[in-house]
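Undergrad: Here it is, the structure, as structure tokens.
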Amino acid sequence: MANEQNLRPPFSPSEAREQGRKGAEASAKARREKVMLRTAAEILLAKKVPPGEAEKALEAAGVKKSERTHAMAAVAGLIHRSIDGNPAAFGQLMKLMARAWSGRKSRKITASWMN
């Protein structure tokens, strides 16, 4: 709990300026790293899935060969884990879909069994 013994004295204007500069530098560095990681993820997710188990699963799901990317495999994995009852995977899938649909006009989604 705060009391007179553990309170730090206020910064002088020059100290406040220095602390603000350090905070701004750290924030800029964190933003640059975040952009770099996002770019790396976009590059790697766009690459084609190499032959193997993931490619076979995407083929079985009916995904065209030209669309079998790491991103597609990741989404397929989320769907598979959601179907298996993983609530965290379902939540991530819903967040992904909300971002994908956020800029679109509302549309009516129906399934064949609803007709």
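Undergrad: Quick one: length gained pulling Gln92 to Ala61 fully straight, 0.36 nm per residue minus the C-alpha distance? Don't skip to the answer; put the middle values down first.
TA: Details: separation 31, 0.36 × 31 = 11.16 nm, distance 2.04 nm.
Between Gln92 and Ala61, full extension yields 9.1 nm more.
Undergrad: While we're on this one: Starting from the Cα gyration tensor of region 40-105, take the square roots of the eigenvalues, sort them a ≥ b ≥ c, and report rounded, prolate or oblate (rounded when a/c is under 1.5, otherwise prolate if a/b is larger than b/c, else oblate). Let's see the in-between values first.
TA: Details: a/c = 1.86, a/b = 1.30, b/c = 1.43.
It comes out oblate by the Cα gyration axes.
Undergrad: Okay, moving on. Treat each spin label as a single point 7 Å out from the Cα along the C-beta direction, and report the Arg38 to Asp84 distance in nm.
TA: 3.1 nm
Undergrad: Another question, if that's okay. Before rounding to the nearest 500, sum -39500 (n - 2.57) across all DSSP H runs of length at least 4 in the chain and divide by the residue total; then give [θ] at 222 nm in deg cm²/dmol. Provide the component values of the computation, followed by the final result.
TA: Numbers: 4 runs with 71 residues, N = 115.
Mean residue ellipticity, 222 nm, calculated: -21000 deg cm²/dmol.
Undergrad: Next question. Using θ = phi - 60° and the Karplus curve 6.51 cos²θ - 1.76 cosθ + 1.60, what whole-Hz ³J(HN,Hα) does each residue of region 44-52 get, with Gly and Pro shown as x?
TA: Values, residue by residue: 5, 5, 7, 6, 5, 6, x, x, x Hz.
Undergrad: To continue, here is another question. State, as an integer percentage, the relative contact order of the chain based on alpha-carbon contacts under 8 Å between residues 6 or more apart.
TA: On the way: 39 pairs, mean separation 16.6, N = 115.
Relative CO of the chain lands at 14 percent.
Undergrad: Given axes a ≥ b ≥ c from the Cα gyration tensor, I'd like to know whether the chain is rounded (a/c under 1.5), prolate (a/b larger than b/c) or oblate. Don't skip to the end; give the middle numbers.
TA: On the way: a/c = 3.04, a/b = 2.23, b/c = 1.36.
Taking the square roots of the gyration eigenvalues as a ≥ b ≥ c, the chain is prolate.
Undergrad: Sticking with this one: List the residues, sorted by chain then number, that are 5 or more residues from Val63 or on another chain and whose placed amide H is less than 5 Å from its amide H.
TA: The answer is none.
No lab work stands behind these numbers, since they all come straight from the coordinates. What you see is a predicted model, and the numbers here were worked out from it, not measured in a lab. Backbone-built Cβ (ideal geometry, glycine too); neighbour counts: all protein chains shown.
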